[in-house]
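Only one structure is covered here, and it is reproduced in the block below.
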Amino acid sequence: MSDAQGSSVQSPLAAAHYADSANQYRVVVTENERLARDTYRVRFACPELAATIVPGQFLMLKLAKTDDPLLGRPFALYDTVLDTAGNPHAIDVVYLVVGKLTARLAASRSGDAIDVWGPLGNGFSSQPVEHLIMVAGGIGQTPFLALGREFLGRRQYGVPPRVIQPAKKVTLCYGVRSLDLLSGVEDFKGCGIDLQIASDDGSVGHHGLVTEVVEKVLTENSAAVCRIACCGPEKMMEAVAGIARAHSVPCEVSLETPMACGIGICFSCVVKTYQPDGDWDYKRTCVEGPVFDCEKIAW
Amino acid sequence: MPEPPAYESTITPPHSVNLQVSLGRVQLANPILVASGTFGYAREMESLVDLSRLGGIVPKTITRLLRKGNAPWRTIETPSGMLNSIGLDNDGIELFISHHLPYLASRNTALIVSIAGRTHDEFVEMAEMLSAESGIAAIELNISCPNVSGGVDFGTDTSMCERLVSACRQNSSIPIIAKLTPNVTSVADMACAASAGGADAISLINTCQGMAIDWRRRRPLLGNVVGGLSGPAIKPIALRAVYQAARATETPIIGIGGIATCDDVMEFLVAGATAVQLGTVNFYNPKASMEVLDALPEAIGELGATCLDEIVGTLNID
């Protein structure tokens, strides 16, 4: 399983989160809905994956039966969908159209085949916290619906389910360039997440950077009982890591580095991390992350 | 922890087809191998692939000392292929032997260890070190990595190649495979040199040198500026190289380059390859090797053959 305690390999050279429970599936699109400008939510039935994936883990998705594009791309779990008996049945992935694969995915229709493999990576910490502050930049919001639901006691994920002591409060600081790119607001509000929005152009929420919102939330609340989970552009995550350090708040960041396989075999998706001895080394984001303690990243 | 879902073969191979092959002193249960640098250290793949069904595993190339590898970006997709410049990121031979080898040597499949030295002596030293270990079916000399300086010279200079293969052969009890680059004028000449040095088999091709550019930023897309092209885009180049090498030497050939399906495998066998390595396909279809193994007996049967010898190098060019 993905949590560190589940790894059977103890050597410091072993990857912390091998794709031990991953499998590869050919699935079909059942829904593909536009949520905002260039932003879509695709749904596909895959009970095995839906049962095992946890918030912050990801899956690789490839268009089936084509070499163009050739490689899969990593996507975070947005949420699982339950069947009428209450069992995880389908997966929702929310994505921004940025290139060829996502453009073709956006054009896909119900019944189209896609290849997926997962669950991959480690996921966000399941350690108890009184106030979980989630910080998203743009499409970096995608891991936070499931994480928020989990920490508000609304949903469980994983087999066996991750045991999460509910937080007293879950805040999502969500920065977008402009209102038309904002997505998932009803989902976040619907499960009780305290939503704090910022936009570059002032078209919605705070006019300015999401980091300013994070500062405000930390100032207005007791930073001593908070933990940050962050996903977005690298510069934003670095800035959030700096704020977390200044407030002595633990902070996890979910990285997205260019990835070819998602399962640890290509050694593409490396990130420079500090080692216990103070030296640095490249670590594979897919099997050592994608979630890292921000203090381990050599920004 | 839940049990990983086991891969279940849906096809029972006909008893009439024998998939065993010989590469010099190396015997393989079947001709389907996985290529170095595209399968990690195999541990990563164990929930997706039944490793014991493979003809063999070539784990990621190791070097004498630890190498951190090249700066990102390390891969970029290109039409029907990808460029990589990983830079032989690995922990060095000693940690390979202590950490990865025990796992790899106990997978019930042939283990072919890929090594890259910076110098002639370093290659030989590594081959000697591996000879002291058990469970290694062969050593593949990576004299063809385009992303590091040094080693590739042995793949482009015939006399250096022959001398190196010969020295490794003399100083190691383990069979030697030379992995060649396509980035030469004559692959056939290099294959003959490796053969003259005593290689048990010759594997080819490694990646084709290439690059990708973001013209708006006037920047290369790879951190190392240039890299190696792999995937279906290079399959015709690889087929041509295998065909030429197989005609130039009696030494068994292992075909590599864009192989993704059973049809691809059959093309390489007919062109003259005794075995093949699946590479980049492992990235975008992790179960490709299992799919190929499921389909192979029927494809061999389609040609009326009962063993690989009746297929290998039977290209009809009249």
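From the residues in the stretch B:251-267 that are in contact with a strand residue (DSSP E or B) (Cβ under 6 Å, 6 or more places away or on another chain) and over 18 Å from residue B:24 (Cβ atoms), which one is surrounded by the fewest Cβ atoms within 10 Å (Cβ to Cβ)?
So the residue we want is B:265.
When you scan the stretch A:258-281, do you find a residue that is away from chain B (no Cβ under 14 Å), crowded, with 20+ Cβ neighbours inside 10 Å and small (Gly, Ala, Ser), even just one?
no
Does any residue in the stretch B:197-208 that is closer than 20 Å to residue B:170 by Cβ come within less than 6 Å, Cβ to Cβ, of a residue that is assigned to a loop (DSSP other than H, G, I, E, B) six or more places away or on a different chain, and which pairs are these?
Once the first residue is closer than 20 Å to residue B:170 by Cβ and sits in the stretch B:197-208, its partners that are assigned to a loop (DSSP other than H, G, I, E, B) give B:199/B:251; B:200/B:24; B:200/B:25; B:200/B:175; B:201/B:24; B:201/B:252; B:202/B:251.
For the stretch A:52-89, what are the residues that are of a type in the set (A, V, I, L, M) and over 17 Å from the mean Cα position of the chain (by Cα)?
Those that are of a type in the set (A, V, I, L, M) and over 17 Å from the mean Cα position of the chain (by Cα): A:63, A:64, A:70, A:71, A:82, A:85.
Here is a list of conditions, (1) touching a helix residue (DSSP H, G or I) at 6+ places or on another chain (Cβ under 7 Å); (2) at pLDDT below 95, and residue A:78 meets all of them except one; can you say which number that is?
All conditions are met except number (2).
When only residues in the stretch A:39-56 that are among the hydroxyl-bearing types (Ser, Thr, Tyr) and within 12 Å of residue A:78 (Cβ to Cβ) count, which is surrounded by the most Cβ atoms within 10 Å (Cβ to Cβ)?
Among them, the one singled out is A:39.
Checking the condition surrounded by 18 or more Cβ atoms within 10 Å (Cβ to Cβ), more than 27 Å from residue B:53 (Cβ to Cβ) and more than 10 Å from every other protein chain (Cβ to nearest Cβ), which residue from B:116, B:110 passes?
Details: B:110 fails: more than 27 Å from residue B:53 (Cβ to Cβ).
Criteria check complete, one pass: B:116.
Quick check on this structure: which one of B:260, B:238, B:246 is in a loop (DSSP other than H, G, I, E, B) and at pLDDT 95 or above?
On the way: B:238 fails: in a loop (DSSP other than H, G, I, E, B); B:246 fails: in a loop (DSSP other than H, G, I, E, B).
None of the other options fit; the residue is B:260.
So residue A:202 ticks every box in (1) assigned to a loop (DSSP other than H, G, I, E, B); (2) crowded, with 19+ Cβ neighbours inside 10 Å; (3) of a type in the set (Gly, Ala, Ser) but one. Which box is left unticked?
For residue A:202, the failing item is (2).
For the stretch B:38-58, name all the residues that are within 22 Å of residue B:257 (Cβ to Cβ) and within 10 Å of chain A (Cβ to nearest Cβ).
Once the filter is applied, which keeps residues that are within 22 Å of residue B:257 (Cβ to Cβ) and within 10 Å of chain A (Cβ to nearest Cβ), the stretch B:38-58 yields B:38, B:39, B:40, B:42, B:45, B:49.
So residue B:100 fits all but one of (1) buried (at least 22 other Cβ atoms within 10 Å of the Cβ); (2) touching a strand residue (DSSP E or B) at 6+ places or on another chain (Cβ under 8 Å); (3) within 14 Å of chain A (Cβ to nearest Cβ); (4) not in a strand (DSSP E or B); what number is the exception?
Here residue B:100 meets the rest and fails (2).
Any chance the stretch B:133-145 includes a residue that's at pLDDT 95 or above, charged (D, E, K, R), surrounded by fewer than 17 Cβ atoms within 10 Å (Cβ to Cβ) and under 30 Å from residue B:47 (Cα atoms)? Before the answer, list the steps.
Within the stretch B:133-145, the subset at pLDDT 95 or above is B:133-143.
Next, from what is left, pick out any that are charged (D, E, K, R): B:133, B:140.
Then drop every residue that is not surrounded by fewer than 17 Cβ atoms within 10 Å (Cβ to Cβ), which leaves B:133.
Checking which are under 30 Å from residue B:47 (Cα atoms) leaves us with B:133.
Yes, some residue in the stretch B:133-145 is at pLDDT 95 or above, charged (D, E, K, R), surrounded by fewer than 17 Cβ atoms within 10 Å (Cβ to Cβ) and under 30 Å from residue B:47 (Cα atoms).
Using the structure shown, decide if residue B:107 is at pLDDT 95 or above and in contact with a Phe, Trp or Tyr (Cβ under 9 Å, 6 or more places away or on another chain).
no
Within the stretch B:230-247, how many residues are surrounded by fewer than 24 Cβ atoms within 10 Å (Cβ to Cβ) and aliphatic (A, V, I, L, M)?
Result for the stretch B:230-247: 3.
Is there any pair linking a residue in the stretch B:247-273 that is free of Cβ contacts under 8 Å to residues at least 40 places away in the same chain to one that is part of a loop (DSSP other than H, G, I, E, B) and of a type in the set (Asp, Glu), with Cβ under 9 Å and at least six apart or on different chains, and which?
Final answer for the pair search is B:260/A:67.
The values are calculated or read from the model by the stated rules, or taken from the named source; none is laboratory data. Because the structure is predicted, anything quoted here is derived from the model rather than measured. In this analysis, Cβ positions are derived from the backbone assuming ideal geometry, glycine residues included, and neighbour counts consider all displayed protein chains.
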